[in-house]
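Student: Structure incoming, see below.
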Amino acid sequence: MSTATVFSSSPVLQTMDLTCVNTIRTLSMDGVQAANSGHPGTPMALAPVAYCLWQQFLRFDPQDPVWPNRDRFVLSIGHASMLLYSLLHLTEVRAVSKDYETLGEVSVPLDSLKAFRQLDSRCPGHPEYRWTSGVETTTGPLGQGVATSVGIAIGRQWLSARYNRPGFEDLFDFNVYALCGDGCMMEGISSEAASLAGHLRLSNLCWIYDNNHITIEGNTSLAFTEDVATRFIGYGWNVTRVGDANDLEMLARAFRTFRSTKDRPTLIIVDSHIGYGAPHKQDTSGAHGEPLGEEEIRLAKRNYGWPEDKKFYVPDGVYDHFRQGIGKRGKLLRDAWFARIGDYRKQYPELAEELFRMQHRQLPEGWDRDLPEFPADPIGLATRESSAKVLNAAAKNIPWLIGGAADLAPSTKTRITLEGAGDFSEENYAGRNFHFGIREHAMGAILNGMSLVKVRPFGAGFFIFVDYMRGSLRLSALMELPVIYVFTHDSIGVGEDGPTHQPIEHLAHMRAMPGLIMIRPADANEVREAWKVILQLHHAPAVLVLTRQALPTIDRANYAPASGLARGAYVLADAPGGNPEVILIGTGSEVSLCVEAYEQLKKEGVRARVVSMPSWELFDVQDKSYRESVLPPRVKARVSVEVASDFGWSKYTGSEGCNICIETFGVSAPLKQLLKKFGFNVENVVAAAKSQISQHQTKG
Ligand SMILES: Cc1ncc(C[n+]2csc(CCOP(=O)(O)OP(=O)(O)O)c2C)c(N)n1
Ligand SMILES: [Mg+2]
């Protein structure tokens, strides 16, 4: 097909529509060219799709891009970021401050488009939530966007079910659109998420699949021949097709079909031509991920009937056209919503108050009043058990604390057992217990999506399977979303299940991730304190790491209070006069072992200190004087005890310290045998402490 034919085969584009579409295309091409890197081809192909959706359908007010009932647009093909940036620019979306006040300036001025991919530009390589207003979620790792969109759609259903009332059925009725490509479709996470979306019959969810048959290595025939339509029909989706991405009529018809489909999600498969209009690069992988080049751009612009030498050109009337379309419609909808929220507040003051707090990430008054205290108990209970109690006590007072597990709620003890909590299902979108199925990766992305609509989600599983969801968890951290991850079965403590189920390097993995708060509490009262800290986080995801096996509940009359947890590490037991010869540092299940060793050492006249260190991240942000009061620099004899890799521990023990750890995979056996095999017993800790003392004395 010659380019001319392709170009003129767009029969239904009206003049102003065409001008707007071509503005999006040329801004995208020029942005990538100026950056000398990026992905021009897909924005060129999908400009009409995005234009049709935004201009005719999206219920979005560019003047208030955080209006809670706005439709969400997710660019799952994050590499096509210039498509989104061009739209944000042309629709004059306003910038929003971090505390959600809408500011006067535009989010993406033309200068930002010109500075695509440059330091500090509002237009980074891939769209970043919390950096560019109008970006609903960070995308780039393929598949994450679509999976997150399922979480947004789930969150919307939950909000509707809880807060909509007769006469206020439209309080929450927004739709979620996600634009995806071959890459998203190939990634397993999209299958997990689509399967759940179909199961839950999320009729507010629409994915638009750019079926261009091109990925980086070439034609999709290299690796992808499945029948996507049949696959999605199998998931229970409504599947429709648009044979030409330039056909605005057909696109509009597909979006109308989506809006009138009330019993399942919709997939719109759109056939497009990557690099549309570029004479030498259209339909080739060459249009995917590199600038077209000045000459090819000139020729493409010629094909569009565009001034060939103009760059970043926005013809007269384009801004105004968007103002009259999405701008006007969005503002009317948004203003009407806010007008009615006043009536809602009068009729349902408590629900309105809940919504206000939730949307501002605040907690209800008295949210922590029922959190339990646990009496000292040498046998104690597993931290997953105490966590269940604390979680339920918190959930009682925080109605939007909702979540579930990847088929492991009975093991992770994460069920909300409060009366009426219910199960989230197609029949009951108000349920607070979620069944994500055995889909860890999608669960993480779905939690992100739920958090993006401001409910407080938690997700649970065995710690070992964090491996399966690291991609999503990383985006929680990158987006600064306060998602709560509850991971149990945190060590060789799982015993007989063996090395496939025994985390070793996982604590180190989590500690290495920026922006994440991990807490591994030592007993039931530390669990309570951990939840307290976690629930008050606004901009960080938390990972709570819990045991399967019982841990003694430390006698706080003899040892320091658990409230020390909030500072990440604290002196639990100390030498007389606060003058230790050696410091024992433990986390989680190893803290009680350190205490036992401490008592033994005390009997022998050795001055030891026990530091419980449930969270490196919380400790590292304390001021220096606190940190040095816990770990005095002069005390070099130090022993860390943790049933995991020692990776990173020398940061606290020094290169001459001792790390009692596990350097191999685990083994299948009863826990007692394992603890002996790996050296987690009092004798070993005592011996290590003494050896540290003599080693450092000799040196000193
Ligand atoms: C998880 C993940 N793996 C690999 C990549 C690198 N990558 C970026 S775009 C791309 C090809 C995507 O093809 P497609 O979705 O069809 O986009 P198109 O080329 O059609 O724009 C790849 C492999 C990525 N961004 N994310
Ligand atoms: Mg493709």
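Student: Would segment 166-178 turn up any residue that is open to solvent by 20 Å² or more (accessible area, probe 1.4 Å), within 20 Å of V270 (Cβ to Cβ) and within 19 Å of the chain's Cα centre (by Cα)?
Tutor: no
Student: What single numbered condition from (1) within 16 Å of ligand 1 (Cβ to nearest atom); (2) surrounded by 24 or more Cβ atoms within 10 Å (Cβ to Cβ); (3) of a type outside the set (D, E); (4) within 30 Å of S425 (Cα to Cα) fails to hold for L159?
Tutor: The number of the failed condition is (1).
Student: Being surrounded by fewer than 17 Cβ atoms within 10 Å (Cβ to Cβ) and not in a loop (DSSP other than H, G, I, E, B) is the requirement here; does G342 meet it?
Tutor: Details: surrounded by fewer than 17 Cβ atoms within 10 Å (Cβ to Cβ): yes; not in a loop (DSSP other than H, G, I, E, B): yes.
The answer is yes for G342.
Student: Enumerate the strands (runs of 3 or more DSSP E) found wholly within segment 205-315, keeping only those where 2 or more residues are more than 16 Å from ligand 2 (Cβ to nearest atom) and touching a residue at least 24 places away in the same chain (Cβ under 8 Å). Outline the logic, then answer.
Tutor: Working: elements: 205-211, 238-242, 266-271.
In segment 205-315, the matching strands (runs of 3 or more DSSP E) lie at 205-211, 238-242.
Student: For segment 199-219, enumerate the residues that are buried (at least 19 other Cβ atoms within 10 Å of the Cβ) and within 16 Å of ligand 1 (Cβ to nearest atom).
Tutor: Selection gives W207, I208, Y209, D210, N211, N212, I214, T215.
Student: Quick one: which strands (runs of 3 or more DSSP E) lie wholly within segment 69-147 and hold at least 3 residues that are crowded, with 21+ Cβ neighbours inside 10 Å?
Tutor: It comes to 72-75.
Student: Quick check: is even one residue across segment 469-481 in a loop (DSSP other than H, G, I, E, B) and in contact with a strand residue (DSSP E or B) (Cβ under 8 Å, 6 or more places away or on another chain)? Walk me through it before giving the result.
Tutor: The initial filter retains those residues of segment 469-481 that are in a loop (DSSP other than H, G, I, E, B), namely 480-481.
Now restrict to residues that are in contact with a strand residue (DSSP E or B) (Cβ under 8 Å, 6 or more places away or on another chain): none.
No, there is no match, as no residue in segment 469-481 is in a loop (DSSP other than H, G, I, E, B) and in contact with a strand residue (DSSP E or B) (Cβ under 8 Å, 6 or more places away or on another chain).
Student: Another question, if that's okay. Could you tell me how many of the residues in segment 179-198 are surrounded by fewer than 24 Cβ atoms within 10 Å (Cβ to Cβ) and either within 16 Å of ligand 1 (Cβ to nearest atom) or more than 22 Å from the chain's Cα centre (by Cα) (or both)?
Tutor: Result for segment 179-198: 6.
Student: I would also like to ask the following. So which of L391, L381, L408 ends up being within 19 Å of P541 (Cα to Cα) and buried (at least 20 other Cβ atoms within 10 Å of the Cβ)?
Tutor: L391
Student: Now for a different question. Of all the strands (runs of 3 or more DSSP E) wholly in segment 535-642, which have at least 2 residues that are modelled with pLDDT of 95 or more and surrounded by fewer than 24 Cβ atoms within 10 Å (Cβ to Cβ)?
Tutor: By residue number, 550-553, 570-573.
Student: Now, a different point. Among (1) away from ligand 1 (no atom under 16 Å from the Cβ); (2) touching a strand residue (DSSP E or B) at 6+ places or on another chain (Cβ under 8 Å), where does R256 come up short?
Tutor: In the conditions (1) away from ligand 1 (no atom under 16 Å from the Cβ); (2) touching a strand residue (DSSP E or B) at 6+ places or on another chain (Cβ under 8 Å), R256 misses (2) alone.
Student: Condition test on E308, is it of a type in the set (D, E) and away from ligand 1 (no atom under 16 Å from the Cβ)?
Tutor: So E308 fits the description; yes.
Student: Give M518, M510 a once-over and let me know the one that is outside any helix (DSSP H, G or I) and of a type in the set (A, V, I, L, M, F, W, C).
Tutor: M518
Student: OK, next. Please enumerate the residues belonging to segment 482-502 that are out of contact with any Pro (no Cβ under 8 Å at 6 or more places or on another chain) and in a helix (DSSP H, G or I).
Tutor: I492, G493, V494, D497, P499, T500, H501
Student: Another question, if that's okay. Kindly evaluate L84 against the criterion of being over 18 Å from the mean Cα position of the chain (by Cα) and under 30 Å from R201 (Cβ atoms).
Tutor: Yes.
Residues checked against (1) open to solvent by less than 20 Å² (accessible area, probe 1.4 Å); (2) out of contact with any Asp or Glu (no Cβ under 8 Å at 6 or more places or on another chain); (3) at pLDDT below 95:
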position	(1), (2), (3)
H288	no, yes, no
E294	no, yes, no
A300	yes, yes, no
W306	no, yes, no
V314	no, yes, no
V318	yes, yes, no
G325	yes, yes, no
K331	no, no, no
A336	no, yes, no
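The values are calculated or read from the model by the stated rules, or taken from the named source; none is laboratory data. Just so it is clear, the structure is predicted and the values come from calculations on it, not from any experiment. Because the Cβ atoms are built from the backbone with ideal geometry, glycine has one as well, and the counts that use them run over all protein chains shown. Heads up: the accessible areas ignore ligands, DNA and RNA and are worked out on the full protein's heavy atoms, side chains in. Shrake-Rupley method; radii C 1.70, N 1.55, O 1.52, S 1.80 Å.
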